[in-house]
Amino acid sequence: MNNRYLSISGDMWDVIALKTMGSEMHKDKLMNSNRQYRTVFIFPAGIELVIPDVPVETAAGLPPWRRG
């Protein structure tokens with residue numbers, strides 16, 4: 001299920017990915033889901049972005065210090 005995010009003034013791709021997807025490392029997935037805004041670096045307020053689903057990592061795929 002895709003969620004939506006309404007930007008606030010000053011938002012950037014990595015910050016939005018961290019807030020909505022749990023890690024700035026998902027920035028590329030976020031940008032690919034919102035190609036019409038790929039040239040925007042700092043968002044104005046009121047831009048609606050699609051937030052893609054993030055696959056759930058299994059404990060086996062996590063480093064030892066992150067396993068539950």
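Between Lys29 and Trp65, the FRET efficiency from the beta-carbon distance, with R0 = 25 Å, is close to 0.55. With helices as the sole contributors, the chain gives -6500 deg cm²/dmol at 222 nm; each DSSP H run of n ≥ 4 counts as -39500 (n - 2.57), and the sum is divided by every residue. Remark: the chain projects, on average over all directions, an area of 5.1 nm² (convex hull of Cα atoms).
Each reported figure results from applying straightforward, stated rules to the coordinates on display, with no laboratory input. A quick note: this is a predicted structure, and the numbers were derived from the prediction, not measured. A quick note on method: Cβ atoms are made from the backbone with ideal geometry, for glycine too, and the neighbour counts reach across all protein chains shown.
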